[in-house]
Structure formats: structure tokens, C-alpha cells
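K.L.:
There's a structure below that I have some questions on.
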């Protein structure tokens, strides 16, 4: 369990890294949207080759895949709707970055559980999943942290909230390892699909619009590059 938590924290630590990058103020404009685009590609690859592929492979009927995916999508949608109603959450600036933070939690916790489960049987963590999580977390955190700072959040608050998310991810991996190591395929399938549903909704609702903020066609190439790198790591693992 400790090993699962440690590896999940390593993957989630890039959220804290992204917050420090945002605090530096050196990444903005085109470089920022290219990084977000790259992260979007990595997330799409993780969704397709790790989460959904695994969910389908271990599901007995396919119902767990569909229900998990819908649950993840609705969880993000519902949480985003609640954030829009929060005082000070201006939709014109992306809710102060809170929708992306929500997405990081809703996809990060199940992803961490999945990462922890790859250690079952004494094997090491899935390098593909670990790297995909680490890569995609950076632009998520940079984009959200930049909006949080612009909306008036203090730097210590921004760093603190991402640290809490990283700790929660580590705890989820450790608990998941202990609780779900012998779980049925449909339970694992539901967890995988839940993360996939949350990720896809996050991409369509927040990250891809943020990536195209500069209206630059290079973002499409950056997204393709992110997908290619993450897919290579997944398929070669």
C-alpha cells in the first residue's frame, strides 16, 4: 500500500510543479497554450489506450464501462455547474480555474487508484500510466493556477490546494490497492471508465477551449504530439 501511495504521489507531484510554473509568470501566451494542447493529447491517449481499453478488457458485460463513463461525465458536469454558482466564480474567466481543479480531482483520484492496482502481484507501476499522468497534470495545473491567481487567489493557497490534491491522490492509490486488489473486473472497469468520462468532459469543457485561446493552429500539432508520446509509452510498456 505504501508503494502504491508513493508512486501515485510521484505522478500527482507534477500538479505542484505546474503551480510553481504558473507562479513564476514566465509561461504565458503561445507557450502556455501549446503546453495545454500537449497535455490534452496525452490525456486523450491515456483515456483511449489505458483507461477505456482496460475497462473493456476486464468488464464482463460492458455495462460497467457505460455506467462508469456516464457517471464520470455527469460528476464533472454537475460539479462544474455548482462551481459556476459559487460566489466569485466568474464564467468569463473559466470560474477562476476551479473547473479544471475539479477535473484534476475527478480524473486524478480514479487514475491514482488504477495506478495503484498496477502494483498488484508485486509488479512495478505501469510506466505508461505514470508518465501520462505526470505529463498531463502539468498543463492542467498551469492553466488552473494561472486563472486562480488572476482571480485573486493567494500563491500560498494555490500551492496548498494542489498539494492537498497530490496527497489525496496518494491516499486513493494506497486505499485502492488495499480495497480493490481482489475486486471483480466490473468494479475495476467502472473505476477506469469513471476517470475516462471525467477526463473527456474536462477536455471538451475546459482544457481544449483554453488550449485554443490564442487561435493558433500550432495547438493542433502540440495536441497530436502529446497523443503520440503518451501512446508510444503506453503501447511500448
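K.L.:
What does the C-alpha gyration tensor say about the overall shape of the range 130-237? Classify as rounded when a/c is under 1.5, otherwise prolate if a/b is larger than b/c, or oblate.
P.N.:
In terms of gyration-tensor shape, oblate.
K.L.:
Can I ask one more? So, in Å, what gap is there between the alpha-carbon centers of the range 1-67 and the range 136-203?
P.N.:
8
K.L.:
Among 77, 177, which comes first, then next, by fewest other beta-carbon atoms within 10 Å?
P.N.:
Values: 77 15, 177 24.
Final ranking by Cβ density, sparse to dense: 77, 177.
K.L.:
How much length, in nm to one decimal, is gained on full extension between residue 215 and residue 183, taken as 0.36 nm per residue of separation minus their Cα-Cα distance?
P.N.:
Details: separation 32, 0.36 × 32 = 11.52 nm, distance 4.56 nm.
Residue separation times 0.36 nm, minus the Cα-Cα distance, leaves 7.0 nm.
K.L.:
Report the gain in length on full extension from residue 236 to residue 82: 0.36 nm times residue separation, minus Cα-Cα distance, nm rounded to one decimal. Don't skip to the end; give the middle numbers.
P.N.:
Numbers: separation 154, 0.36 × 154 = 55.44 nm, distance 4.03 nm.
That works out to 51.4 nm of additional length.
Just so you know, all these numbers are worked out from the coordinates, no wet-lab data involved. Note that the structure is predicted; figures quoted are calculated from it, not measured. No Cβ is skipped: glycine too gets one built from the backbone with ideal geometry, and neighbour counts run over all protein chains shown.
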